[in-house]
Amino acid sequence: MNDRNVTDDLATAHERAIERATDGRRFAAWIDGSAHEAASGATFATRDPATDTPITTVPRCDEPEIDAAVEAARTAFEGAWSALSHEERADRLLEWADRLTRHTDELALLECLDTGKPLEFAEAEIREGIGYIEYYAHLLHGDTDERVPIDGETHAYTREEPYGVAGLIVPWNYPVLLSCWKLGPALAAGNSVVLKPAELTPLTATRFAQLAEGLLPPGTLNVVHGLGDEAGSALTGHPGIDKLSFTGEDTTGEIVMGAAAEHITPVTLELGGKSPFVVFPDADLEATAATAAEGILYNAGQSCDALSRTLVHEAVHDEFLERFVSAAAEWTVGDPLAEDTTIGPLASEQQLETVHEYIELGRESDAELVTGGDSSDGADVGWFVEPTVFDGVANDSRLAQEEIFGPVASVVSFGSYDEAIELANDVDYGLAAAIATEDLSLAHRAAADIEAGTVWVNDYARFSPGLAFGGFKRSGIGRECGPEALNEYRQQKTVTIALNG
Ligand code: NAD
């Protein structure tokens, strides 16, 4: 942050932006094609993390609203939605995507204010998210069932059928993008859905549902706001849910999986990460430093795939570290509405406290604080943290093992290939990893040896609707994105017909 009167400028700009973004709109739950408040009358506020002011309130839903949403979804699944052909379903989804695209500016501003992410990034993520809905709609056009040639007396084939009602639960770090990763394949597969956004960031999900009016039959897409242990657990434990897809912390994933077990509900889990970036000595250090900075600073480090452990060969350690610190300094902490900002505030005061606790832990350890370590100057409101790098971090320390979810990098040195791989894999998670090297053989070898669902070489966060994403180990079960994700939301039926019968 620069040293002008940040507080006053922020407050005024954000007050106006909140007025513009909410513009008399109601952010109620969306059930069976219309707005609903909680039967209890309870609400909670969603706050702007840059100014810590309330944006608006949303209903604090619980069992009655989950019951209503699941019932509406069941009716839609058995009626209007499933009555559509593949092509009609694809067309409806594409029309919805078009309408959402026309509202990109409005959605981006809402997402920026609700999450604290820079406006430009919010806009890119809205576009990216809509792209996933389009992808799954297009995939339907090429969708085929299989004939299985078993013998001349039998016609055997498989059918892919939707589960029915899918319960979708998402976290606060990428509300639109992660919702679209689930909505696209779940709806394209023919399910109806109940989506529960995170309590910190409920706004864009509401608008997504409202903007589906007239395109998706009522009850096809329901959005229910609420707390994890109220609305969330009512959803995961509901006997009318046929499929669960959850993104969030691994410890919450355990609870969700336990609830799913009660009804033998299939569950997709996208959980946390502590992703390594392995920098081999032949890497292009300038480019690698920039990638490493992006890997830990994009979205203020609140990314499941953040490259939070930088493993650097000792031969290039000093030069890399110098370049890494310079690259991190190019990221600008500040007002997420400002054009030059690349790091907004963290999403909540609680998240700020968590990040501060880890920074304190780092200070008290033998690791060296190379840059950062404090909230940015000048801001007495808003949950800002400057880029922070610790060097000489022990790989078995909490700093290197636990998900911090802030702009805090841990640098660890290695001396050999085997040591690098051992360090990279010596963690409970296995979501993503990156490798920096100019040696193609080494890149392939390391990509095979690292335990992670995605490995980027000389790259970070290369996402595309066609590429599957998901975790090894404690990072989850199943895959999102890519053609495979369609089958996370449908089940296979085998049919055999005796031809001589
Ligand atoms: P969280 O687990 O606290 O909450 C996620 C969602 O689950 C929220 O909507 C919350 O209300 C709900 N929830 C909480 N308790 C619940 C319960 N008992 N039953 C049902 N639902 C419940 O996670 P968070 O703090 O919002 O998000 C951050 C986490 O998400 C990080 O661990 C991050 O790594 C992970 N994440 C993973 C991916 C991925 O693709 N693997 C992507 C983004 C974020």
- [ ] Would you grab the residues whose amide H sits under 5 Å from the one on T310? Only those 5+ places off in sequence or on another chain, please, with H modelled 1.01 Å from N.
- [x] F277, S410, V411, V412
- [ ] Just grab the label-to-label distance for A35 and D282, each label 7 Å out from Cα along the Cβ direction, in nm (one decimal).
- [x] 6.1
Task: Cα centroid separation, the range 445-501 to the range 205-228 (Å) - done: 27
Task: Rough spin-label spacing in nm, given labels placed 7 Å along Cα→Cβ, for H141 and E419 - done: 5.4
Task: Nearest-20 debye value, the range 360-472 charge dipole, Cβ charges on Lys, Arg, Asp, Glu - done: 500
- [ ] Using a 1.4 Å probe and ignoring any ligands, DNA or RNA, find the accessible area of E199 and quote it in Å² to the nearest 10.
- [x] 70
Open item on the list: Per residue of the range 36-45, what does 6.51 cos²θ - 1.76 cosθ + 1.60 with θ = phi - 60° give for ³J(HN,Hα)? Whole Hz please, x for Gly and Pro, Karplus curve as stated.
Closed with: 9, 8, 6, 4, 6, x, 6, 9, 9, 8
Open item on the list: I'd like the distance separating the alpha-carbon centroids of the range 281-328 and the range 104-169, in whole Å.
Closed with: 32
- [ ] Treating only the Cβ atoms of Lys and Arg (+1) and Asp and Glu (-1) as charged, compute the dipole magnitude of the range 418-501 about its Cα centre; round to the nearest 20 debye.
- [x] 720
Open item on the list: Taking 25 °C and 0.890 mPa s as the conditions, I'd like the Stokes-Einstein D for the chain in µm²/s, using the Kirkwood hydrodynamic radius from alpha carbon pairs.
Closed with: 104
Open item on the list: Counting only protein heavy atoms and a 1.4 Å probe, tell me what percentage of the chain's accessible area is made up of carbon and sulfur.
Closed with: 47
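Two decimals is fine: what's Rg over Rh for the range 144-280, C-alpha atoms, Kirkwood radius as Rh? Display every interim value, and only then the final one.
Details: Rg = 17.8 Å, Rh = 16.5 Å.
Rg divided by Rh gives 1.08.
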TODO: Express in nm, to one decimal, how much length is gained between E120 and E360 on full extension, taking 0.36 nm for each residue of separation and deducting their alpha carbon distance.
DONE: 83.2 nm
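Within 10 Å of each candidate Cβ there may be at most 16 other Cβ atoms; applying that plus a DSSP loop requirement, which trypsin sites (Lys or Arg not before Pro) in the range 24-88 survive? List each step's numbers first, then the result.
On the way: sites: R25, R26, R47, R60, R74; in loops: R25, R26, R60.
Passing both the DSSP loop test and the Cβ count: R25, R26.
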- [ ] Whole number in Å², please: accessible area per residue of the range 276-464, 1.4 Å probe, ligands, DNA and RNA not counted.
- [x] 39
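Treating only the Cβ of Lys, Arg, Asp and Glu as charged (+1, +1, -1, -1), what charge dipole size does the chain show about its Cα centre? Round to the nearest 20 debye.
The calculated dipole for the chain is roughly 1840 debye.
A 23 angstrom limit on the alpha carbon distance is what I want to check against. Which of K196/K274; K182/K243; K117/K196; K196/K243 exceed it? Before the final figure, lay out each step's value.
On the way: K196/K274 25 Å; K182/K243 11 Å; K117/K196 21 Å; K196/K243 14 Å.
Table pairs above 23 Å Cα-Cα are K196/K274.
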Open item on the list: Using a probe radius of 1.4 Å on heavy atoms only, what accessible surface per residue do you get for the range 136-263? Whole Å² is fine.
Closed with: 32
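The values are calculated or read from the model by the stated rules, or taken from the named source; none is laboratory data. In this text the structure is predicted, and so the values were computed from the model without any measurement. Don't worry about glycine lacking a Cβ; one is built from the backbone with ideal geometry, like all the others, and counts go over all protein chains shown. The area values use the complete protein model at the heavy-atom level, side chains included, leaving out ligands, DNA and RNA. Shrake-Rupley method; radii C 1.70, N 1.55, O 1.52, S 1.80 Å.
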